[in-house]
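The values are calculated or read from the model by the stated rules, or taken from the named source; none is laboratory data. Nothing here was measured: the structure is a model prediction, and the numbers come from that model. As a convention, Cβ positions derive from the backbone with ideal geometry for all residues, glycine included, and neighbour counts pool all protein chains shown. Remember, those area values only see protein heavy atoms, side chains included, never the ligands or the DNA or RNA. Shrake-Rupley method; radii C 1.70, N 1.55, O 1.52, S 1.80 Å.
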Amino acid sequence: MTVTWEELGWEHVAGGVGRCRLPGWDCTAGLVVGSGAALLIDTGASLAEGVRLREQAERLTGHPVTHVALTHPHFDHVFGTPAFAGAEVYGAVGMDGLFAPRGREELRADAVRNGLDRAAAEEAAGALLPPRHLVSGEWTLGLGDGRQVLLANVGPGHTAHDLAVLVPGDREVVFCGDLVEESGEPQAGPDAVPARWPAALDRLLGLGGEDALYVPGHGAVVGAAFVRAQRDELAARFGVS
């Protein structure tokens with residue numbers, strides 16, 4: 001039996017599109033409902049969190065999650081992925097190399113440094129597999145009954161492997177990953193590509209346009225003006241045009 005978005009603590013963003021803000025690191029997980037299909041965008045910071053997302057998504061849609069899109073390879077966005085066995089998993093080209101043994105160990109260590117329980121980090125890192133589908137440009141997913149979603153490799157920026165998700169509709173929705181953050185200053189870690197981050201946001205704005213809803217990796221849903229202002233702030237911060 002399906003339930004409403006609000007009953008499970010999710011935000012209804014547009015028709016058949018919702019998102020939740022996960023505890024701990026305030027990460028966004030998104031859900032796009034199709035006909036007999038469902039796309040989950042990011043999977044949480046642990047295997048247990050992934051299981052909770054899977055269970056909630058099944059209650060919201062009435063069927064299993066069939067597709068998973070990973071916006072970038074940071075533990076708080078990907079460690080729940082092993083909970084979605086059988087789903088088709090998508091990531092930006094090159095992400096597969098970061099899910100090899102050395103990359104998984106770096107993710108595990110980063111998770112522990114940032115406060116994830118050591119056992120939970122080891123469990124998730126040990127079970128993590130590379131995405132089956134690698135997106136180098138754009139990839140259109142069909143979710144049944146004419147519903148399509150566009151995956152776009154718009155990076156590098158926040159990382160070298162940033163994937164955005166465009167959901168067409170009466171008002172388009174763009175899931176941005178951590179290319180956009182609303183609840184704090186965008187984080188540029190050692191794997192960021194600062195010189196190319198503003199251009200990635202230009203591509204993001206070109207994807208969604210002026211009237212789209214932009215869902216950041218952390219924080220509240222924003223409009224194009226917020227994304228453009230953050231783009232200009234990053235350009236000034238990193239000394240690029």
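What is the local net charge at Arg54, summed over the other residues whose Cβ is closer than 15 Å to its Cβ (Lys, Arg +1; Asp, Glu -1)? Walk me through the intermediate numbers first.
Values: positive: Arg52, Arg59; negative: Asp42, Glu49, Glu55, Glu58, Glu88.
Neighbourhood net charge equals -3.
Just the accessible area per residue of region 71-159, please: how many Å² with a 1.4 Å probe? Don't skip to the answer; put the middle values down first.
Numbers: 3860 Å² over 89 residues.
Averaged over the residues of region 71-159, the accessible area is 43 Å².
How big is the chain by the Kirkwood estimate over distinct Cα pairs, in Å?
Working: mean 1/r = 0.0570 Å⁻¹.
Computed over the chain, the radius equals 17.6 Å.
Please get the size of the charge dipole for region 103-170, origin at its Cα centre, with Cβ charges of +1 on Lys and Arg and -1 on Asp and Glu, quoted in debye to the nearest 20.
The calculated dipole for region 103-170 is roughly 100 debye.
Return the sequence-ordered ³J(HN,Hα) values of region 13-22 in whole Hz as given by the Karplus equation 6.51 cos²θ - 1.76 cosθ + 1.60 applied to θ = phi - 60°, using x for Gly and Pro.
8, 7, x, x, 10, x, 8, 10, 9, 7
Which trypsin sites (Lys or Arg not before Pro) does region 105-142 hold that lie in a coil by DSSP with at most 16 other beta carbons within 10 Å? Each step should come with its number before you reach the end.
Numbers: sites: Arg108, Arg113, Arg118, Arg132; in loops: Arg132.
Counting only loop positions with at most 16 other Cβ atoms within 10 Å, the trypsin sites (Lys or Arg not before Pro) in region 105-142 are Arg132.
About its Cα centre, what dipole magnitude does the chain give when the only charges are +1 on Lys and Arg Cβ and -1 on Asp and Glu Cβ, stated in debye to the nearest 20? Walk me through the numbers before you get to the answer.
Working: 18 positive and 32 negative charges, 71 e Å.
So the dipole magnitude of the chain works out to roughly 340 debye.
Net charge around Pro168, counting only other residues with Cβ within less than 14 Å of its Cβ (Lys, Arg = +1; Asp, Glu = -1)?
Details: positive: Arg147, Arg171; negative: Glu138, Asp145, Asp170, Glu172, Asp211.
Surrounding charge for Pro168 is -3.
Mind checking the dipole of region 115-218: about its Cα centre, +1 per Lys or Arg Cβ, -1 per Asp or Glu Cβ, Debye to the nearest 20? Show your work: numbers first, answer last.
Values: 6 positive and 16 negative charges, 69 e Å.
With only Lys, Arg, Asp and Glu charged at Cβ, the dipole is about 340 debye.
Over the Cα atoms of region 130-241, compute the convex hull volume and normalise it per residue, giving Å³. Write down the numbers at each step before the final one.
Details: hull volume 11.7 nm³, N = 112.
Per residue, the Cα convex hull of region 130-241 comes to 104 Å³.
Taking only the C-alpha atoms, wrap a convex hull around region 1-90 and report its volume per residue in Å³ as a whole number. Could the numbers behind the result be given before it?
Values: hull volume 7.7 nm³, N = 90.
It comes to 85 Å³ per residue, whole-number rounded.
Can you give me the solvent accessible area of Ser136 with a 1.4 Å probe, rounded to the nearest 10 Å²?
Spelled out: Ser136, probe radius 1.4 Å, area about 90 Å².
Order 159-170, 201-212, 17-28 from most to least packed using the mean count of other Cβ atoms within 10 Å.
Numbers: 159-170: 22.6, 201-212: 17.2, 17-28: 19.9.
Averaged packing, sorted descending, gives the order 159-170, 17-28, 201-212.
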